[in-house]
Amino acid sequence: MTLLKPSYALRYRWISGLLLGALLILASPTPVASQTLISTRTQIDVQFPASITFSLNASSNSPITRVVLRYKMDRLSCFEEIVDRHVDFSPSTELQVSWVINMRKIGGLPSGARIHYQWLIEDEAGNRHETPKETLMFEDSRYQWRTLKQGMVTLYWYEGDDAFASRLMSASQASLDRLGRETGASLDRPTALYIYENTTALRQARVFPQAWEGGVAFPDYGLVAIGIAPQDVVWGEEAVAHELAHLLVYQMSFNCYQDLPTWLNEGLAEYAEGEPSSDERSRLERAIASNRLISVKSLSSSFSADPQQALLSYNESRSLVAFLIQEYNQDLLLEAVDWIRKGHTYDEALLRVYGFDTDGLEAAWRQSIGAPPPFTTSPSATPAPTASIGGLSSASADLVALLGVGMLFAAGVAHAVRSHSGN
Ligand SMILES: [Zn+2]
């Protein structure tokens, strides 16, 4: 098992990056609309990862009485999440105001997040003015990112050579191809992978980093950030394959009702990585031989926090997905996902598509892998604790520890533990 690497001293690049990190964009003055007398000039100051400051200079013949910053994060969401921020100021014909989005208050945003915004201004005479809608990219400008794009995926990296980046890109594409071939799903939104040079650099790019954090996925934004040292490229290939698969699964199963069962979500991501390793195979075989498989019902919710149980949960999940893909028509899996997406229970979805519920799936799968039939009373693995994560206010942030053992979070609740072995 790979352990988290010890943190080492901040690099000079990081310190100088902080000093130079302020990205100042001065927008050209918006022309005065013929029907109003209000003129404006806007400015953005990005301090990654801490804050974004929106500033406005406005003037009018009549005192300006109302200023609103309207913005919206560019992400998959069930609702139109428009935020209006009313700015306090004393009415004046000339004013300079600003609004700060403090990332510590919203749980942070990853590099590559896009925000649409505009200012709404009103003066005492009743003139109204809206600045043009603009889009801001919240990017980690402390690094000189290089890019590699293929299809819907763009890889950003700054450490390591072209061969390193192209290996990670190939692994990403192979993962998408595999899931596409087996389930018919494909990415329909652009996706970006930000590859930091190691986990320390990754955590420095986060406002609330977890000590174990090796990667973070924001599937609603189509963004992933991972710390991968060039010498860890073999592990990195697995990590990007797994995370890309999660983004694809998120897009194909996006709904406002419920998450996929954990075994299906993690199983698809594991399946997309390719063939199981010999370690993974033997762990599953040992569990079969000792009749210690974790029940599928138990795998539908949070995986155990116990590392060994968690590893077995991932192995079983992969095996379950492989069983469904290989034994049945591949379109059926996507159909089952679709029923869940429409709000049906897991059992209903399975019954409609495969003719068995979760227990029926477990019985058929056990038979296919040569395991004894399940207990009649539903056994469960080590109780799966859930943990609310302070500070993780981005409801759909999906954090994955990609080095060592860590947790996968969704909606602020731990729901899985994942570990990687070997490098
Ligand atoms: Zn995962």
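Please determine whether any residue of the stretch 279-289 is within 16 Å of the ligand (Cβ to nearest atom), in contact with a His (Cβ under 6 Å, 6 or more places away or on another chain) and not aromatic (Phe, Trp, Tyr).
no
Across the stretch 336-348, what is the number of residues that are within 24 Å of the chain's Cα centre (by Cα) and in a helix (DSSP H, G or I)? Outline the logic, then answer.
Of all residues in the stretch 336-348, those within 24 Å of the chain's Cα centre (by Cα) come to 336-343, 346.
Going one step further and asking which of them are in a helix (DSSP H, G or I), we end up with 336-341, 346.
Going through the stretch 336-348 one residue at a time, the tally reaches 7.
Among (1) over 16 Å from the mean Cα position of the chain (by Cα); (2) at pLDDT 90 or above; (3) more than 14 Å from the ligand (Cβ to nearest atom), which single condition is Val207 missing?
Result: Val207 fails condition (1) only.
Please pick out the residue among Ala371, Ala322, Ala310, Ala305 that is at pLDDT 90 or above and over 16 Å from Asn265 (Cβ atoms).
Values: Ala322 fails: over 16 Å from Asn265 (Cβ atoms); Ala310 fails: over 16 Å from Asn265 (Cβ atoms); Ala305 fails: at pLDDT 90 or above.
Residue meeting the stated conditions: Ala371.
If you take the residues in the stretch 56-89 that are among the β-branched types (Val, Ile, Thr) and surrounded by fewer than 18 Cβ atoms within 10 Å (Cβ to Cβ), which one is farthest from Tyr250 (Cα to Cα)?
Only one residue tops the list, namely Thr65.
Table: residues versus (1) surrounded by fewer than 21 Cβ atoms within 10 Å (Cβ to Cβ); (2) closer than 28 Å to Ala269 by Cβ; (3) under 20 Å from the mean Cα position of the chain (by Cα).
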residue: Pro110; (1), (2), (3): no, yes, yes
residue: Arg114; (1), (2), (3): yes, yes, yes
residue: Leu120; (1), (2), (3): yes, no, no
residue: Glu124; (1), (2), (3): yes, no, no
residue: Glu130; (1), (2), (3): yes, no, no
residue: Lys133; (1), (2), (3): yes, no, no
residue: Gln150; (1), (2), (3): yes, yes, yes
residue: Leu168; (1), (2), (3): no, yes, yes
residue: Leu176; (1), (2), (3): no, yes, yes
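If a residue has to be away from the ligand (no atom under 14 Å from the Cβ) and either surrounded by 24 or more Cβ atoms within 10 Å (Cβ to Cβ) or within 15 Å of Pro190 (Cα to Cα) (or both) to count, how many in the stretch 236-247 make the cut? Break it down stepwise before answering.
Step one: list which residues in the stretch 236-247 are away from the ligand (no atom under 14 Å from the Cβ), which gives 236-237.
If we keep only those that are either surrounded by 24 or more Cβ atoms within 10 Å (Cβ to Cβ) or within 15 Å of Pro190 (Cα to Cα) (or both) too, we end up with 236.
Final tally of qualifying residues: 1.
For the stretch 214-242, give me the residue count where each residue is within 22 Å of Ser277 (Cα to Cα) and modelled with pLDDT under 90.
Number satisfying all stated conditions: 2.
Residues of the stretch 248-263 being of a type in the set (A, V, I, L, M, F, W, C), more than 11 Å from the ligand (Cβ to nearest atom) and under 18 Å from Pro190 (Cβ atoms), which ones?
If the condition is that a residue be of a type in the set (A, V, I, L, M, F, W, C), more than 11 Å from the ligand (Cβ to nearest atom) and under 18 Å from Pro190 (Cβ atoms), then Leu248, Met252, Phe254 are the ones that fit.
What residue, of Phe356, Phe409, is at pLDDT 50 or above and of a type in the set (Phe, Trp, Tyr)?
Checking each option against the conditions leaves just Phe356.
If Glu266 passes every condition in (1) in a helix (DSSP H, G or I); (2) more than 16 Å from the ligand (Cβ to nearest atom); (3) under 22 Å from Arg181 (Cβ atoms) but one, which one does it miss?
(2)
If a residue has to be assigned to a strand (DSSP E or B), polar (S, T, N, Q) and under 30 Å from Asp331 (Cα atoms) to count, how many in the stretch 138-190 make the cut?
Here the count works out to 2.
Please find, among Asp123, Asp162, the residue that is of a type in the set (D, E, K, R), touching a Lys or Arg at 6+ places or on another chain (Cβ under 9 Å) and not assigned by TED's automatic domain parsing to the domain that holds Val68. I'd like the intermediate steps shown before the answer.
Details: Asp123 fails: not assigned by TED's automatic domain parsing to the domain that holds Val68.
Within the list Asp123, Asp162, the selection yields Asp162.
Test of understanding: among Ser319, Ser300, which residue is over 23 Å from the mean Cα position of the chain (by Cα) and under 20 Å from Gly355 (Cα atoms)? Break it down stepwise before answering.
Details: Ser300 fails: over 23 Å from the mean Cα position of the chain (by Cα).
On inspection, the qualifying residue turns out to be Ser319.
The values are calculated or read from the model by the stated rules, or taken from the named source; none is laboratory data. Owing to the predicted nature of the structure, the values given are computational and were not obtained by experimental measurement. Counting neighbours? That spans all protein chains shown, and the Cβs are built from the backbone with ideal geometry, glycine included.
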